[in-house]
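**Q** Structure in structure tokens, see below.
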Amino acid sequence: MFATQDTILKLLTLCALAHSITAYALQEKTPASGSASAPLDPSHKYLIVRGESPIGASASQEHVDFDNAATLLLQAYKSQQTTSPNGLEECSAPSHKPTFSGYDYVILLGMLVISLGIGIFYGFFQKGGSSSNEFLLGSEMSIFPVTLSLTTSFITAIELLGNPSEMYFQGTQFVLIVIPMVLVIPVAVKIFYPIYFKMELTSCYEYLGIRFGKEIRILGAVLYVIQMCFYTAVAVLAPAIALSKATGLDTKIAVILIYVVCVFYSSQGGMKAVVIADSFQAAVLAVSLVLIVGLGSYYSGTPIQVFQKAAELNRLEFFNIDPSPTTRHTVWSVVIGGFFYWTSLFCTNQASVQKCMSLKSLKLAKIALGFAIIGLIAVFLLNFYTGLMVFNHYADCDPLTAGRISASDQLLPFYVINTYEHIYSIAGIFVAGIFAASLGTVASALNSLSAVTCEDLLANGMNIKISPEKGATYAKWMSLGYGIASFGLVFIVEHLGGVLQATLTLNGLIGGVTLGLFVLGIACKQANTKGAFYGGLLSLILVIFVGVVAQIASVEPPPLATSIEHCDCHVNVTSIIEDLLTESMNPIEQEGFTSWPIFRLSYMWYSMIGCLLTVFLGWFISLIIDFKQRRNVLKITGKGIDNEGVSDEVFKSDSQVQYTTNSTITTTTAVDPPPPPTTKETTSDEGHVNHAIRIDDE
């Protein structure tokens with residue numbers, strides 16, 4: 001029973017419909033022909049038909065016959081499965097659905113009210129924050145809240161829901177993502193953050209402006225705005241799904257609730273409110289995770305039992321060294337690709353940089369960043385173990401196959417709500433932890449988006465002078481505007497599939513290019529403005545094209561083996577067969593350019609590809625531009641015969657030639673001696689010198 005359920009059912013259907021008689025013959029032999037509910041003759045129940053997949057809008061007669069035969073067989077199966085065996089209820093339609101209790105609502109609303117209160121306090125009662133610098137950076141905050149805030153910045157409901165689902169359905173290869181987190185620490189504290197503190201930056205994209213110019217600074221800022229708007233939309237959608245699954249509340253209402261709370265305290269209280277609220281929410285998140293794992297040790301098995309079951313059913317995988325870049329998760333893709341992913345998030349992402357810059361010194365920033373990453377690793381490992389614990393609990397009755405949930409991301413909320421229904425307030429604490437993680441990420445993103453917009457786009461890009469007194473007001477309105485924009489994107493993100501892969505894909509596509517611009521500026525002395533601009537833009541177009549086509553053409557990887565052998569409810573196999581009969585029995589081979597290997601790359605490679613492609617193209621284009629400029633300089637400063645602006649005829653004719661000086665212009669003939677030199681330049685024997693020509697050697 002531990003073969004993949006889809007595989008078993010497809011094989012059974014194939015055996016039942018394989019290849020010896022047509023559907024027309026079946027219909028003729030069926031009693032009460034023409035009756036929609038007429039069962040097949042028992043003697044004919046194994047008669048089978050070969051089918052094929054239609055191409056486009058047309059299909060062969062054989063395919064039509066196949067559909068007819070499948071319909072007849074399904075009707076016969078339904079006639080024998082009208083009642084559940086032993087009086088069991090349908091798994092997909094339980095008579096009792098756990099819901100939130102009053103205690104749960106009190107806990108959830110309490111967390112939201114406290115978050116609002118923090119925003120009200122720092123927005124209306126706390127002195128300071130009237131200038132843009134105080135609002136965006138918080139003016140020298142202490143290390144402990146900043147560390148907690150950094151930890152929660154990228155611990156969202158995306159990880160809390162996506163990581164356990166990954167362990168449950170795909171195995172533990174993704175656990176190695178914690179290794180590149182450690183590798184990011186020396187890169188951040190030795191290379192990137194010393195530069196930021198030395199330049200005293202508010203926005204990290206100011207560095208791109210100083211290094212390359214205004215255009216590259218605007219490009220980096222625009223990429224960040226696009227990336228974080230989608231990222232916040234995903235971070236809000238995930239807890240909305242959890243709340244909807246737990247309480248039955250409409251997903252849209254849950255999304256609105258999250259945005260109202262988050263936008264209010266981030267737009268009113270500024271960076272101080274964001275950091276303090278993050279600290280409180282980190283405590284809620286920690287309590288939620290520890291409580292779920294602690295109770296799971298009693299209700300779902302001890303750690304020894306959990307790992308034994310995972311090993312028996314092929315969930316433990318750490319050393320998949322498949323060299324193919326198309327394999328979804330391997331040691332290479334997770335560690336190497338993950339390194340570029342986390343470097344982009346912690347070193348060139350304004351949300352992280354801005355919090356570190358709110359500290360008093362570089363030394364404190366290094367300590368905060370190091371402890372934040374260690375905390376992030378601890379939360380990830382705890383979250384990964386939760387996924388294995390849930391698998392041990394449902395090893396004999398997969399809720400997705402049984403129809404109890406409709407998507408893999410609903411697995412953990414379903415487990416908590418159903419397993420701990422009899423324990424008051426557990427569901428409330430869990431959903432509050434989901435909300436807390438999401439609120440912290442969204443609030444940090446909105447505050448950083450305000451900083452980028454004010455500093456990089458308005459002041460630098462549009463040359464709008466913003467006084468320090470009005471800066472905070474501008475930033476508040478920016479937070480509100482980005483909150484509304486991100487809210488609209490929620491309804492696009494919900495169609496992107498699993499939240500974990502969708503988010504990592506998005507961050508990889510854009511974050512990798514941004515990281516490449518920074519690396520190009522730091523590591524390549526030959527890089528110039530035009531090379532960085534065209535290299536970054538071309539890389540962005542290429543990686544987005546590859547990523548979008550891959551997302552459209554890709555097929556979800558099949559999950560590992562699950563079982564419904566010992567469910568305490570009746571699994572409606574009829575509905576599963578109905579779905580399978582609409583699918584092709586043979587895999588559909590992709591044709592055209594979408595079948596190229598580049599469109600089947602693992603999404604974990606996108607950050608690395610974007611970064612390296614940006615660095616290479618930026619460096620290469622810079623060399624071409626530099627070579628061209630040097631050639632133009634040689635033409636301009638060379639002798640007259642090598643100067644395209646002065647031909648040989650000039651020196652042979654009697655026409656007048658103008659000699660330019662600092663103060664006057666004199667004329668003479670080519671055969672007469674020139675006037676006495678008045679400057680150093682006119683004494684040169686280089687021929688005609690035009691001081692109006694300006695050389696811009698980058």
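The values are calculated or read from the model by the stated rules, or taken from the named source; none is laboratory data. This one's a predicted model, so the numbers in the text were calculated from it and none came from an experiment. Positions of Cβ are backbone-derived with ideal geometry, glycine not excepted, and every protein chain shown enters the neighbour counts. Just the protein is used for accessible areas: all its heavy atoms, side chains included, with ligands, DNA and RNA removed. Shrake-Rupley method; radii C 1.70, N 1.55, O 1.52, S 1.80 Å.
**Q** How many of the residues making up the stretch 320-362 are out of contact with any Leu (no Cβ under 7 Å at 6 or more places or on another chain), over 29 Å from residue 457 (Cα atoms), hydrophobic (A, V, I, L, M, F, W, C) and part of a helix (DSSP H, G or I)?
**A** Of the residues in the stretch 320-362, 2 are out of contact with any Leu (no Cβ under 7 Å at 6 or more places or on another chain), over 29 Å from residue 457 (Cα atoms), hydrophobic (A, V, I, L, M, F, W, C) and part of a helix (DSSP H, G or I).
**Q** Kindly evaluate residue 400 against the criterion of being within 28 Å of residue 559 (Cα to Cα), surrounded by fewer than 19 Cβ atoms within 10 Å (Cβ to Cβ) and in contact (Cβ under 8 Å) with a residue 12 or more places away in the chain.
**A** So residue 400 fails the test.
**Q** Would you mind finding the one in 296, 301 that is under 19 Å from residue 393 (Cα atoms), small (Gly, Ala, Ser), open to solvent by less than 20 Å² (accessible area, probe 1.4 Å) and not in a helix (DSSP H, G or I)?
**A** 301
**Q** Of everything in the stretch 215-262, what is hydroxyl-bearing (Ser, Thr, Tyr), open to solvent by 10 Å² or more (accessible area, probe 1.4 Å) and modelled with pLDDT of 75 or more? Give them in sequence order.
**A** Across the stretch 215-262, the qualifying residues are 244, 251, 259.
**Q** Just for the stretch 596-629: of the residues that are open to solvent by 40 Å² or more (accessible area, probe 1.4 Å) and farther than 26 Å from residue 219 by Cβ, which one is nearest to the chain's Cα centre (by Cα)?
**A** My answer is 600.
For every residue, the table says whether it meets (1) hydrophobic (A, V, I, L, M, F, W, C); (2) farther than 21 Å from residue 336 by Cα; (3) open to solvent by 10 Å² or more (accessible area, probe 1.4 Å).
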{"site": "144", "(1), (2), (3)": "yes, yes, yes"}
{"site": "150", "(1), (2), (3)": "yes, yes, no"}
{"site": "160", "(1), (2), (3)": "yes, yes, no"}
{"site": "164", "(1), (2), (3)": "no, yes, no"}
{"site": "169", "(1), (2), (3)": "yes, yes, yes"}
{"site": "174", "(1), (2), (3)": "yes, no, no"}
{"site": "183", "(1), (2), (3)": "yes, no, yes"}
{"site": "187", "(1), (2), (3)": "yes, no, yes"}
{"site": "191", "(1), (2), (3)": "yes, no, yes"}
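**Q** Please find, among 437, 445, 427, the residue that is among the aliphatic types (A, V, I, L, M) and either at pLDDT 85 or above or open to solvent by 10 Å² or more (accessible area, probe 1.4 Å) (or both).
**A** When all the criteria are applied, what remains is 427.
**Q** Any idea which of (1) assigned to a helix (DSSP H, G or I); (2) farther than 17 Å from residue 299 by Cα; (3) open to solvent by less than 20 Å² (accessible area, probe 1.4 Å) is the one residue 390 doesn't satisfy?
**A** Every listed condition holds for residue 390 apart from (2).
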